[in-house]
C-alpha cells in the first residue's frame, strides 16, 4: 500500500517491523499496562532544544502527570528537571526507559537497564521510540525479564489509548462511546 491508497495515516502502518515482530514488541495489552501502571519515565537522549521530538514528548508526558527523568550527558536541567548522564546514575526506581538515541546506542542502554534489575533497583521497561529498532538488544532485554516496546512513540500511544487523539479527528483504530475523563 502506498501513500495514495487512502490508509497512509493508519496507526498500524507506523512501523517497519515484520508482523511477527509487531506481535512480539508492540503488544497492545503491554502498552496499555505500561501507560496505566508507570509513573516515572527516563527519557534517554532528551534534548533541551524545544524543537526536537524528545522535548515535545517529555513535555506532554510531564503535563499528563508522569515524572520525567531527563538523561543527557550534556545538560544540567531540562523542563525544570535534574538531568542524569546515563541510566546507571539515576538513584531511584524508574518504570520506563524511553529511548531517543540511534539504534547502535541501544545496546549500552539495555545493559544498564539489565544491571538495574540485577541489583534490585527496579525492572524498567525498554521503550524504543519510532524508527529506533535494535532487535538483538530487545531480545537481550526480554531474556532478562524486561518488558520491551519497539518502534512506537510513547506520546502517540498515550494519546491513542489514554488521551484525546480520537477527539481531534485522528484514526486511532479505537472504537469507544466513552468520553475522556478530565
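The values are calculated or read from the model by the stated rules, or taken from the named source; none is laboratory data. Note that the coordinates shown come from a computational prediction; the quantities given were computed from them, not determined experimentally. Every residue, glycine among them, receives a Cβ derived from its backbone with ideal geometry; neighbour counts consider all protein chains shown.
Which residues, taken from region 11-23, are in a helix (DSSP H, G or I), in contact with a helix residue (DSSP H, G or I) (Cβ under 9 Å, 6 or more places away or on another chain) and either farther than 22 Å from residue 109 by Cα or in contact (Cβ under 8 Å) with a residue 40 or more places away in the chain (or both)? Can you show your working first?
Our first condition is that a residue be in a helix (DSSP H, G or I); within region 11-23, this holds for 11-13, 19-23.
Narrowing the set further to residues that are in contact with a helix residue (DSSP H, G or I) (Cβ under 9 Å, 6 or more places away or on another chain) leaves 11-12, 21-22.
Result: 11, 12, 21.
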_Subset of region 67-79 [surrounded by fewer than 19 Cβ atoms within 10 Å (Cβ to Cβ) and either in contact with a strand residue (DSSP E or B) (Cβ under 7 Å, 6 or more places away or on another chain) or touching a residue at least 60 places away in the same chain (Cβ under 8 Å) (or both)]_ = 67, 79
*Unique residue being touching a helix residue (DSSP H, G or I) at 6+ places or on another chain (Cβ under 7 Å), modelled with pLDDT of 95 or more and either more than 14 Å from residue 148 (Cα to Cα) or not in a loop (DSSP other than H, G, I, E, B) (or both) when the list is 54, 47*: 47
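For the subset of region 57-66 comprising residues that are on the phi < 0 side of the Ramachandran plot and part of a loop (DSSP other than H, G, I, E, B), which member is surrounded by the fewest Cβ atoms within 10 Å (Cβ to Cβ)?
Step one: list which residues in region 57-66 are on the phi < 0 side of the Ramachandran plot, which gives 57-64, 66.
Okay, now just the ones that are also part of a loop (DSSP other than H, G, I, E, B), so 64, 66.
Working: 64: 13, 66: 21.
Per the criteria, the residue is 64.
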_I'd like to check something: does region 67-88 contain any residue that is modelled with pLDDT of 95 or more, touching a helix residue (DSSP H, G or I) at 6+ places or on another chain (Cβ under 7 Å), under 21 Å from residue 133 (Cα atoms) and assigned to a helix (DSSP H, G or I)?_
yes
*Might you check whether a residue that is in a strand (DSSP E or B), modelled with pLDDT of 95 or more and farther than 17 Å from residue 156 by Cα occurs anywhere in region 24-37?*
no
*helices (runs of 4 or more DSSP H) wholly in region 105-182 with at least 2 residues that are at pLDDT 90 or above and within 21 Å of residue 39 (Cβ to Cβ) - which ones?*
106-118, 154-161
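If I ask for residues that are under 14 Å from residue 53 (Cα atoms) and in contact with a helix residue (DSSP H, G or I) (Cβ under 7 Å, 6 or more places away or on another chain), which ones from region 125-139 would you list?
The answer is 128, 132.
Collect the residues in region 80-98 that are in contact (Cβ under 8 Å) with a residue 24 or more places away in the chain and either loosely packed, with under 12 Cβ neighbours inside 10 Å or more than 19 Å from the chain's Cα centre (by Cα) (or both), keeping them in residue-number order. First the steps, then the outcome.
Quick first cut of region 80-98, residues in contact (Cβ under 8 Å) with a residue 24 or more places away in the chain only: 83-84, 86-88, 90, 92-98.
Scanning region 80-98 gives a single hit, 92.
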